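Trainee: Provided herewith is a single structure, encoded as structure tokens, for subsequent inquiry.
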Amino acid sequence: MKFKNTHKDHEVTDEKIYQSRRQLIKAGIIGGASVISGSSLALTLPKHKNNSKFVLDELTTEKDATTYNNFYEFGLSKSAPSKNADSMKTEPWTIQIGGLCEKQGKVDLEKLISNFQLEERVYRMRCVEAWSMVIPWMGFKLADLVKYCQPSNAAKYVYFETLYDPKQMPGQNGRSIPWPYREGLRMDEAMNELTLMTVGMYGKKLPNQNGAPLRLIVPWKYGFKGIKSIVKINFLDKQPINSWQAIAPQEYGFYANVNPKVDHPRWSQATERRITGGFSLFNSRIKTQMFNGYGDYVADMYKGMDLAKFY
Ligand code: MTE
């Protein structure tokens, strides 16, 4: 897949956008020199080392990030996705846009991506299972895609679905999850500048096990919000039910904001293990931060909400 980028950095003249971008760079969320301007992702991406001075945490190794995965469509163990996900064909790939928006119908992913500006973002990722990683992702703002779809005023939520094809995704022959995998965001969460539609990591295209060719990354929420291999985007007026809520509503909510004060019914969320060299009980255990450390960018959206109730 080639990534064309028609949007030039200098066209973004709005001072507010510029300032918020500077803020993100300062906080280590995005790399200053990492906007892709060429055609091929692999050829034009600066190495993630280029922006390492902006990164607050040590990067997880590419090997860990691509071999310790959750992708139930390819098996339940952490090692299964990297072994089995080759059976998924990701080119060509079609996205179905629908619901309460102007743009309707199927669009080729490559064409869709050519409308948006890609950038590298180093994010802390916190899984609900209390482990974490730090990964250099590559993608475009979901906000840009939402604007492109022109939702109506009635649209309050964005809803996503993963590919359903048991021939390519053998795990879908089992009933671990009501397939296809589903996720949703409130409109303001979707429009938040941190929310990334992701097409690459470590300067390369996403490997299948990490959700190729298009996945969601929402760094202040638990990892399960990061739905992989997306084929459907819908705009809804009602809050959708995500896959983990459907399986265990007493354990997983719609919001899934990282919150060290609200424990999972079966384990604490106060700390997390950083994955290095695979999962080990010797991995460093660190304190989990409210909103995974991204409170400055997202806390306002939840003002006045009881986050123990809306977990
Ligand atoms: N998306 C789909 N379609 N199927 C899944 O099983 N697992 C989720 C999320 N997205 C999952 C999914 C969970 S539980 C986590 S923690 C992250 O993907 C893991 O992403 P990673 O393997 O890239 O670290």
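Trainee: Write out, first by first residue and then by second, each pair whose Cβ atoms fall under 9 Å of each other, whose residues are 6+ apart or on separate chains, and whose first residue, in segment 154-175, is farther than 30 Å from Ala143 by Cα while the second is acidic (Asp, Glu) and surrounded by fewer than 21 Cβ atoms within 10 Å (Cβ to Cβ).
Mentor: Partner pairs satisfying both residue conditions: Gln172/Asp165.
Trainee: Hey, can you tell me all the residues within segment 263-303 that are surrounded by fewer than 17 Cβ atoms within 10 Å (Cβ to Cβ), of a type in the set (D, E, K, R) and assigned to a strand (DSSP E or B)?
Mentor: Arg285, Lys287
Trainee: So is Leu76 in contact with a Ser or Thr (Cβ under 7 Å, 6 or more places away or on another chain), within 16 Å of the ligand (Cβ to nearest atom), at pLDDT 55 or above and among the aliphatic types (A, V, I, L, M) or not?
Mentor: Taking the combined requirement at face value, the residue satisfies it.
Trainee: If we only count strands (runs of 3 or more DSSP E) wholly inside segment 146-216, which ones have 1 or more residues that are among the aromatic types (Phe, Trp, Tyr)?
Mentor: It comes to 157-162.
Trainee: Additional query: Would you confirm, using the coordinates I've provided, whether Glu91 is loosely packed, with under 14 Cβ neighbours inside 10 Å, under 22 Å from Gln168 (Cα atoms), at pLDDT 85 or above and among the charged types (D, E, K, R)?
Mentor: It is true that Glu91 is loosely packed, with under 14 Cβ neighbours inside 10 Å, under 22 Å from Gln168 (Cα atoms), at pLDDT 85 or above and among the charged types (D, E, K, R).
Trainee: Which one is farthest from Ala246 (Cα to Cα) among residues in segment 217-227 that are within 9 Å of the ligand (Cβ to nearest atom) and part of a strand (DSSP E or B)?
Mentor: Ile217
Trainee: Restricting attention to segment 81-110, report how many residues are within 11 Å of the ligand (Cβ to nearest atom) and in contact with a Gly (Cβ under 8 Å, 6 or more places away or on another chain).
Mentor: Going through segment 81-110 one residue at a time, the tally reaches 1.
Trainee: Under 8 Å by Cβ, and 6 or more places apart or on different chains, what pairs join a residue from segment 128-152 that is more than 26 Å from Leu236 (Cα to Cα) with one that is buried (at least 21 other Cβ atoms within 10 Å of the Cβ) and basic (Lys, Arg)?
Mentor: Between residues of segment 128-152 that are more than 26 Å from Leu236 (Cα to Cα) and residues that are buried (at least 21 other Cβ atoms within 10 Å of the Cβ) and basic (Lys, Arg), the close pairs are Ser132/Arg124; Ser132/Arg126; Met133/Arg124; Val134/Arg124; Pro136/Arg121; Trp137/Arg121; Met138/Arg121.
The values are calculated or read from the model by the stated rules, or taken from the named source; none is laboratory data. These figures come from a predicted structure and were not determined experimentally. For neighbour counting, all protein chains shown are included, and Cβ atoms are generated from backbone atoms with ideal geometry for every residue, glycine included.
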